[in-house]
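Below is one structure, written out as structure tokens; comments come after it.
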Ligand code: HEC
């Protein structure tokens, strides 16, 4: 009985972690966010003067998707404001994109 219970817990734990495997590590992403805070604010509140939008309250998947599009140049190519984000996104590895997006989702 104990073995079955243990097995169930392990199975559940591994199912849960595989479901979360696409999600980033918010604690690790905090360090990457320090540079972002210069424009987007420490709490992700945005800064209109810098034309930097609020990020707080946004979903991690959308932040990550935007960063990937800035990184590959599909977003920011023909827009000087959006182009400021291209080098920011290029600094980040794919893992850092997932992590910083997870952090922003906590703001
Ligand atoms: C030099 C200022 C600056 C810095 C630093 C900066 N950003 Fe931005 N960010 C902007 C601007 C300006 C925009 C608006 C782009 C546009 O109009 O499309 C933007 C847009 C974004 C968007 C899109 C938001 C949306 O609603 O579509 C995301 C996501 C984002 N930034 C994340 C980050 C992250 C993560 C970092 C740190 C790695 C960062 N930014 C650093 C200026 C900055």
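The values are calculated or read from the model by the stated rules, or taken from the named source; none is laboratory data. In this text the structure is predicted, and so the values were computed from the model without any measurement. Positions of Cβ are generated from backbone atoms using ideal geometry, with glycine treated the same way; all protein chains shown enter the neighbour counts.
List of remarks:
- Within region 56-83, being in contact (Cβ under 8 Å) with a residue 24 or more places away in the chain and within 6 Å of the ligand (Cβ to nearest atom) holds for 63, 67, 81.
- Positions within region 84-99 being touching a residue at least 60 places away in the same chain (Cβ under 8 Å) and either in a loop (DSSP other than H, G, I, E, B) or in contact with a helix residue (DSSP H, G or I) (Cβ under 8 Å, 6 or more places away or on another chain) (or both), in sequence order: 92, 96, 97, 98, 99
- Against the conditions (1) in contact with a helix residue (DSSP H, G or I) (Cβ under 8 Å, 6 or more places away or on another chain); (2) near the ligand (Cβ under 10 Å from one of its atoms), residue 102 satisfies every one except (2).
- Residue 27 meets all of the listed conditions (1) more than 10 Å from the ligand (Cβ to nearest atom); (2) at pLDDT 95 or above; (3) surrounded by 14 or more Cβ atoms within 10 Å (Cβ to Cβ) but one, namely (3).
- Qualifying position, being in a helix (DSSP H, G or I) and out of contact with any helix residue (DSSP H, G or I) (no Cβ under 6 Å at 6 or more places or on another chain), among 43, 68: 68
- Residue that is surrounded by the fewest Cβ atoms within 10 Å (Cβ to Cβ) [pool: residues in region 34-47 that are within 10 Å of the ligand (Cβ to nearest atom) and at negative phi]: 34
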